[in-house]
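The values are calculated or read from the model by the stated rules, or taken from the named source; none is laboratory data. All values derive from a computational prediction rather than experimental measurement. Please note: Cβ atoms are built from the backbone with ideal geometry, for glycine as well, and neighbour counts cover all protein chains shown.
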Amino acid sequence: MSDDPYKILGVSKSASQDDIKKAYRKLAKSLHPDLNPDDPDKQAAFQAVSAANDLLSDPEKRRRFDAGEIDASGQERPERNYYHQYAGQDAGARYDQGPRAGFGRGYGAGGEEDLSDLFSDFFRQQARGGGRGRDFHARGADQRYHFDVDFLDAARGSKRVVTMPDGKSIEITVPAGVRDGQTLRLRGKGGPGMGQGPAGDALVTISVKPHPVFSRDGDDIEIELPITFDEAVLGAKVDVPTLTGSVSMTIPKGASSGQRLRLKGKGIKRGKTAGDQTVRLKIVLPNKIDGDMEALAKQWRDAASFDPRADIRRKT
């Protein structure tokens with residue numbers, strides 16, 4: 001598989017962030033390890049796709065990659081050049097495997113380690129051991145996974161036990177308010193280290209499933225609430241679903257479809273702060289209009305002078 005993240009995702013270099021997101025989701029669903037437990041090629045391809053998405057979905061990382069400042073694994077190019085200059089091409093082929101869950105990807109992913117420090121330690125140990133390198137210790141590779149989460153579990157936070165492609169079961173804590181596309185880092189749950197080196201991390205990219213009622217905008221939640229004709233005209237108290245259960249809300253007299261009401265603090269809660277919930281009203285009539293409602297509407301039409309489209313005509 002190519003090391004070019006654009007080719008891995010099958011998008012052009014001019015692709016929008018939405019195009020990248022759609023391409024990643026399509027590939028991730030077909031290559032997910034849970035669907036291909038006995039196919040190491042597809043598991044490797046899934047890790048490559050996740051790594052490519054991790055780079056291109058971050059505007060700053062994408063800019064730096066396009067400018068040639070970092071390589072496809074997210075590592076600084078000067079450090080890579082330094083390694084090839086002193087360690088040789090054969091060693092580079094062994095350790096710098098980019099997004100293919102190799103050693104180079106695991107060590108230094110996300111800028112948490114300095115590759116030049118690693119190689120300095122390596123050369124010192126080589127010198128002390130007569131060039132044999134038998135005492136070489138290094139951190140294990142990071143491993144990438146994709147995880148689908150229900151909307152409410154992402155909003156409220158949850159814990160899930162999942163089985164990784166290698167058969168290990170681990171508990172994942174989904175923090176309240178986690179966003180679609182966000183990557184969680186599980187320390188020490190990645191590939192094993194070399195020698196006495198520590199294990200790498202598991203990087204779990206979250207996909208939040210859509211909800212039939214709730215939608216999210218930042219930390220705010222929005223729903224569309226159907227109301228009856230009489231509730232709109234006369235006003236009413238109605239129950240409104242929220243992330244934490246139903247609450248009572250007052251519909252003002254003369255409410256219109258599209259009118260928005262706000263429930264403060266009923267959105268996504270993260271720490272001590274919480275977003276709000278917006279309730280967008282929608283007047284809904286019964287499927288069958290009875291005689292009384294029809295007669296009332298005709299009586300009102302004959303007596304009223306209200307024209308809801310007058311403002312549009314003035315502006316056009």
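Remarks
- Checking each residue in region 297-316 for being assigned to a loop (DSSP other than H, G, I, E, B) and over 30 Å from PRO241 (Cβ atoms) picks out ALA304, SER305, PHE306, ASP307, ARG309, THR316.
- Restricting attention to region 29-43 and to residues that are closer than 17 Å to THR205 by Cα and touching a residue at least 40 places away in the same chain (Cβ under 8 Å), the residue that is nearest to the chain's Cα centre (by Cα) turns out to be HIS32.
- Some residue of region 179-188 being in contact (Cβ under 8 Å) with a residue 40 or more places away in the chain and of a type in the set (Gly, Ala, Ser): yes
Okay, residues lined up against (1) more than 25 Å from GLY258 (Cβ to Cβ); (2) among the charged types (D, E, K, R):
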residue: ARG139; (1), (2): yes, yes
residue: ASP142; (1), (2): yes, yes
residue: VAL161; (1), (2): yes, no
residue: GLY193; (1), (2): yes, no
residue: GLY235; (1), (2): no, no
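- Across region 50-98, the qualifying residues are those that are among the hydrophobic types (A, V, I, L, M, F, W, C) and farther than 23 Å from LYS13 by Cβ, and the one among them that is modelled with the highest pLDDT is ALA87.
- Test: residue in region 282-300 that is touching a Pro at 6+ places or on another chain (Cβ under 8 Å) and under 18 Å from SER215 (Cβ atoms): yes
- Scanning region 215-232 for residues that are of a type in the set (A, V, I, L, M) and out of contact with any Gly (no Cβ under 7 Å at 6 or more places or on another chain) yields ILE223, LEU225, ILE227, ALA232.
- Qualifying residue in region 268-276 (condition: aliphatic (A, V, I, L, M) and touching a helix residue (DSSP H, G or I) at 6+ places or on another chain (Cβ under 7 Å)): yes
- The set of residues from region 1-51 being within 28 Å of THR163 (Cβ to Cβ) and assigned to a loop (DSSP other than H, G, I, E, B) comprises MET1, HIS32, PRO33, ASP34, LEU35, ASN36, PRO37, ASP38, ASP39.
- Residue match in region 234-250 (condition: in contact with a Ser or Thr (Cβ under 7 Å, 6 or more places away or on another chain), free of Cβ contacts under 8 Å to residues at least 60 places away in the same chain and loosely packed, with under 13 Cβ neighbours inside 10 Å): yes
- Selection within region 244-296 - part of a loop (DSSP other than H, G, I, E, B) and closer than 30 Å to VAL174 by Cβ: THR244, GLY245, SER246, LYS264, GLY265, LYS266, GLY267, ILE268, GLY271, LYS272, GLY275, ASP276
- Elements of type strands (runs of 3 or more DSSP E) in region 119-187, at least 3 residues being modelled with pLDDT of 70 or more and surrounded by 14 or more Cβ atoms within 10 Å (Cβ to Cβ): 143-149, 169-174, 183-186
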